[in-house]
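Comments concern the structure below.
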Amino acid sequence: MKALAIDCAVSKISVAAKNENFLVKTVLDIGTRQSEKLLPTIDYVLKEVGLSPKDLDYTCLTLGPGTFTGLRLGLSTLKALTLANGTPLYGIPSLDAYAWPYKTSLESVLSLIIAKEDEYFYSFYKGGKKLTDEDDREIEEILKQVNPELPLLVCGQGAKDFVESVQERAPLYTVHAFLPENDACDALFEIAEKMIHEKKSPLQDYDGPLYVRKSEAEIVLEQKKSLTSN
């Protein structure tokens, strides 16, 4: 199939285009300049695989949780392609995408993304099945849900930091991660095509990112309202 994927859940945005078995991928790790470079990057990867936007069978992206700015940027960009060309857009929960390569693992899998210092968006998986909903907690709270006598495979954009912190603070736990940490674009293609095969609906106009926590702007607004009401 002909497709475009954006992993926009973390600070490094990955963009990939594929034309059947031919795939090109690039990474934007340039901070606030990502917003001005995303469309040129999409044009670049599409041209490299010999496609134009109207040729695409579908687009897909990490839907969240993750960085507020990245998720909004990725979703608005792909929705524009849907509006322009009628291209179906599939949103995949970020933690599902990062856990996807380990769906046949015999170990329990902890998929996570750094939310802020010592805090992670996370969810647990086993045998390809999601065991917990997405949540946002500190390392100590996450470890309370882990059996220290059983090995745990950690994946996602934050796995290295999490494993190093656990090994330092709670060395009795058996946690490990495959490094380097990869983007989710390959998993996005596979999951989206599975959704298409199962005739699952693409995102609708009104669908937005999957958020676990409120943005800083929302928190500040609530605080202002609370002070005003008092």
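Throughout, read-outs are computed from the coordinates displayed, never taken from laboratory work. Quantities reported herein were computed from a predicted structural model and do not represent experimental measurements. Neighbour counts are summed over all protein chains in view; Cβ atoms, including those assigned to glycine, are modelled from backbone coordinates with ideal geometry.
Below is a table of values for the structure above.
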| quantity | calculated |
| --- | --- |
| Dipole magnitude of the stretch 12-130 about its Cα centre (Cβ charges: Lys, Arg +1; Asp, Glu -1), debye to nearest 20 | 160 debye |
| Residues with amide H under 5 Å from that of residue 63, placed H, sequence gap 5 or more | 92, 94 |
| DSSP-defined antiparallel bridges as percent of all bridges, the chain, nearest 5 | 65 percent |
| Cα gyration tensor shape of the stretch 76-142, rounded if a/c is under 1.5, else prolate or oblate by comparing a/b with b/c | oblate |
| Trypsin sites (Lys or Arg not before Pro) lying in DSSP loop within the stretch 121-219, provided at most 16 other Cβ fall within 10 Å | 144, 199, 200, 213, 214 |
| Gain on full stretching of the segment that runs from residue 80 to residue 104 - 0.36 nm per residue minus C-alpha separation | 5.1 nm |
| Lys, Arg +1 and Asp, Glu -1 on Cβ, resulting dipole of the stretch 51-190 about Cα centre, debye, nearest 20 | 460 debye |
| For residue 203, distant residues with modelled amide H under 5 Å away | 89, 90, 91 |
| Among 11, 153, 1 the positive-end extreme of the charge dipole of the chain (Cβ point charges) | 1 |
| Two-site FRET efficiency, residue 205 against residue 52, from Cβ-Cβ distance with R₀ of 30 Å, rounded to 0.05 | 0.85 |
| The stretch 135-195: relative contact order as a whole-number percent, Cα under 8 Å and 6+ apart | 34 percent |
| Förster radius 41 Å - calculated FRET efficiency between residue 167 and residue 43, Cβ distance, rounded to 0.05 | 0.45 |
| FRET efficiency estimate (nearest 0.05) - Cβ-Cβ, residue 27 to residue 160, R0 22 angstrom | 0.85 |
| Cα centroid separation, the stretch 39-89 to the stretch 94-153 (Å) | 27 Å |
| Cross-link partners of residue 18 among aspartates and glutamates (Cα-Cα below 20 Å; sequence separation of 8 or more within a chain) | 7, 43, 48, 55, 57, 183, 186, 190, 193 |
| Filter on 37/79; 2/130; 79/200; 103/194; 47/79; 79/199 - keep pairs with C-alpha separation over 22 Å | 2/130 |
| Diffusion coefficient, µm² s⁻¹, Stokes-Einstein with Kirkwood Rh over alpha-carbon pairs of the chain at 4 °C and 1.567 mPa s | 70 µm²/s |
